[in-house]
Amino acid sequence: MVTTSDVYERVMIALDGMPLSIYHAKKTTSVYLHSSDIGTLSIRDHMPKKSALPRLKYNIIIGYRGKREYHYKGRTCYFYGEHEISTVLDDLRKSCDTYRRRS
């Protein structure tokens with residue numbers, strides 16, 4: 001079975017060199033990666049609370065099967081399963097490129 005630590009390690013290898021702030025939750029196995037270029041990527045084994053969604057743009061959820069894009073309070077959040085890491089990384093790179101072009 002895949003764990004949040006396994007996914008975190010794979011993502012960190014792929015994002016090597018990108019400046020990130022990393023936060024490991026104290027009460028859950030969730031990990032949050034934040035960059036001013038892309039926003040926040042959460043890696044977790046449960047769905048986030050609705051109140052947290054506006055802050056969490058990208059979400060990798062262990063065992064997730066469902067809608068990719070979710071709109072909440074005027075913001076778009078993206079959800080991926082643990083087997084879609086390459087898709088998440090592609091979307092992050094596109095977002096980062098778009099952010100840099102606007103700056």
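Just so it is clear, none of the values below were taken in a lab; they were calculated from the coordinates. Predicted model, so just to flag it, every value in this text is computed and none were measured. Here the Cβ positions follow ideal geometry from the backbone for every residue, glycine too, while neighbour counts run over all protein chains shown.
Structure notes:
- Ala14/Arg55 FRET efficiency (R0 22 Å; Cβ-Cβ; nearest 0.05): 0.45
- Sequence-distant contacts, meaning Cα pairs under 8 Å at least 6 residues apart, place the relative contact order of the stretch 1-44 at 33 percent.
- Computed over the stretch 4-102, the P(r) tail beyond 19 angstrom holds 37 percent of alpha carbon pairs.
- In order through the stretch 54-64: 3J(HN,Hα) via Karplus (6.51 cos²θ - 1.76 cosθ + 1.60), integer Hz, x for Gly, Pro: x, 8, 10, 6, 10, 9, 9, 10, 4, x, 6
- Along the stretch 78-95 the Karplus relation, 6.51 cos²θ - 1.76 cosθ + 1.60 evaluated at θ = phi - 60°, assigns HN-Hα couplings of 10, 10, 9, x, 5, 8, 10, 4, 5, 5, 4, 5, 4, 5, 5, 5, 4, 4 Hz to successive residues, with x for each Gly and Pro.
- Charged-residue dipole, Cβ positions (Lys, Arg, Asp, Glu), the chain about Cα centre, Debye nearest 20: 640
- Phi-derived couplings, Karplus 6.51 cos²θ - 1.76 cosθ + 1.60 at θ = phi - 60°, listed residue by residue for the stretch 34-49: 10, 9, 5, 6, 10, x, 10, 10, 10, 10, 8, 10, 8, 6, x, 5 Hz, with x used for Gly and Pro.
- Among the trypsin sites (Lys or Arg not before Pro) in the stretch 3-92, those placed in a DSSP loop whose Cβ has at most 11 other Cβ atoms within 10 Å are Lys26, Lys27, Lys49, Arg65, Lys67, Lys73.
- Taking the DSSP bridge list for the stretch 4-102 and keeping only pairs wholly inside it, about 65 percent are antiparallel.
- Mean separation of Cα contacts under 8 Å (6+ apart) over length of the chain, as relative contact order %: 21
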